[in-house]
Amino acid sequence: MQPDSPASSESGLSPSMEQRAVAVLLVDLRQAWPMLLVRAVLAVALGLVALIWPGITLVILAWAFGIYAAIDGITQIIDGIRRRTQPRWWLSLLLGLLGLVAGAVALVWPGMTAIVLAILVGAWAVVTGVGEVFAAVRQLRSERRGGLLLLAGVLSVVAGVLILVWPVPGAIVLALLIGWFSMLYGIVLAVLAMQLRSAAQSPPGLVSPSA
């Protein structure tokens, strides 16, 4: 960002203030993209397990989801604590706690029926998606890129609603639903993480708040 750019005069910020803002943004991006990439890898791994072995038992499916949700929740909790000086940092913390609880339930009670597991996964996906949509809308309003996060949130909500309202006849159908959702969700998160990584590695003068 050039000190004497039109955006600088319009925003009313001094060059030193804008340089500090860019520095803070770079630190935030460098810290954010690894968390997203971890979540993406976990989601893709869960999707591959569910799609490659759709005939797995409910116990294994519950364990796979439990491990994914728990680690994903821990990742979001860490991200929320890291952002505790920023507005609405509690949203990541809350979503992380919910994910951790959902994962713990699946791990402690792996013998649940397909319907109960579907309700657990569906509810988790809807709540997570709503939180991501909320965060994406805030980013878009502040002229930051939130399109991919919005897409991830919408995918999560749609998948969650589909899992909740569609009667699941058994573990195979549930595994396929979870598998396809996890794969698509993970791919979107991975692309978003790579975008943030590229923005974090850009020279300070080329980074803007819209990154």
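The condition of being surrounded by fewer than 15 Cβ atoms within 10 Å (Cβ to Cβ), among the polar types (S, T, N, Q) and over 12 Å from the mean Cα position of the chain (by Cα) holds for residue 86. So which residues in region 159-171 are part of a helix (DSSP H, G or I), at pLDDT below 85 and surrounded by 14 or more Cβ atoms within 10 Å (Cβ to Cβ), if there are any at all? Within region 159-171, 171 is the sole residue that qualifies. Candidates 118, 114, 125, 104: the one that is more than 16 Å from the chain's Cα centre (by Cα), closer than 19 Å to residue 62 by Cα, at pLDDT 85 or above and crowded, with 18+ Cβ neighbours inside 10 Å is 118. It is to be established whether one or more residues within region 140-150 are out of contact with any Asp or Glu (no Cβ under 7 Å at 6 or more places or on another chain), surrounded by 19 or more Cβ atoms within 10 Å (Cβ to Cβ) and either modelled with pLDDT of 90 or more or not in a helix (DSSP H, G or I) (or both). Within region 140-150, one or more residues are out of contact with any Asp or Glu (no Cβ under 7 Å at 6 or more places or on another chain), surrounded by 19 or more Cβ atoms within 10 Å (Cβ to Cβ) and either modelled with pLDDT of 90 or more or not in a helix (DSSP H, G or I) (or both). Whether any residue in region 180-190 is assigned to a loop (DSSP other than H, G, I, E, B), closer than 19 Å to residue 115 by Cα and not β-branched (Val, Ile, Thr) is what I want to check. Among the residues of region 180-190, not one is assigned to a loop (DSSP other than H, G, I, E, B), closer than 19 Å to residue 115 by Cα and not β-branched (Val, Ile, Thr), which makes the answer no. Whenever a residue of region 61-89 is among the basic types (Lys, Arg), its partners that are outside any helix (DSSP H, G or I) and surrounded by fewer than 21 Cβ atoms within 10 Å (Cβ to Cβ), lying with C-beta atoms within less than 8 angstrom and at least six residues away or across chains, give the pairs 83/89.
The values are calculated or read from the model by the stated rules, or taken from the named source; none is laboratory data. Since this is a predicted model, take the numbers as computed values, not measurements. Glycine gets a Cβ as well: all are built from the backbone with ideal geometry, and neighbour counts include every protein chain shown.
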